[in-house]
Amino acid sequence: MITIHSSAMAALIDKRQPLDLIDVRTKQEFQSFHIRGAQSFPLRELSAAKVLQGRKREATEPLYIICNNRVRASLAAGMLTGAGCRHPVVVDGGMETWVREGLSVVFKRPFWDFPLVRFCCELMELFRRPPLVTYESPRVA
């Protein structure tokens, strides 16, 4: 299996290199944040034939695959290779490493990211916590 480090992938994107990048995380994961230009093909619904037919680049060019941490991308690479993909490349570390390294993502502002909603969530969490001091009755032998 061929891999590429996230910083090398980011460099290709920054240079505006034409490339095919598919994200095999769930639709919800993709919608919350993703790499600009990535196409969503959730692993559970992945049709290798559909991915290969919809490519922008030649079949001899790399097809980059990303998921959350590399596991699903590796599975997808195997499926795509079996369907005739000549050069699948897994983004090493996935979106976890991508985000940890501070690389650029497109994200949708979640509903809870508003000050009043966040404050209410913090209050609810505060009241859900166990008390700081608890009383335990002595055990009788």
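What follows is calculated from the coordinates using simple rules that are stated; it is not laboratory data. What you see is a predicted model, and the numbers here were worked out from it, not measured in a lab. Ideal geometry is used to build each Cβ from the backbone, glycine not excepted, and the neighbour counts take in all protein chains shown.
General remarks:
- Partner lysines whose Cα lies under 26 Å from the Cα of Lys15, excluding those fewer than 8 positions away in the same chain, are identified as Lys56, Lys108.
- Amide H within-cut-off set for His5, under 5 Å, with H built and near neighbours excluded: Asp92
- Of the GluC sites (Glu not before Pro) found in the range 1-105, those in coil by DSSP whose Cβ has at most 16 other Cβ atoms within 10 Å are Glu58, Glu101.
- Using θ = phi - 60° and Karplus 6.51 cos²θ - 1.76 cosθ + 1.60, couplings along the range 28-39 (whole Hz; Gly, Pro as x): 5, 4, 5, 5, 5, 6, 7, 7, 4, x, 6, 10
- Counting only lysines at least 8 places from Lys50 when in the same chain, those with an alpha carbon closer than 19 Å to its own are Lys27.
- The local environment of Ala8, defined by Cβ-Cβ distances under 14 Å, has a net charge of -2 under the rule Lys, Arg +1 and Asp, Glu -1.
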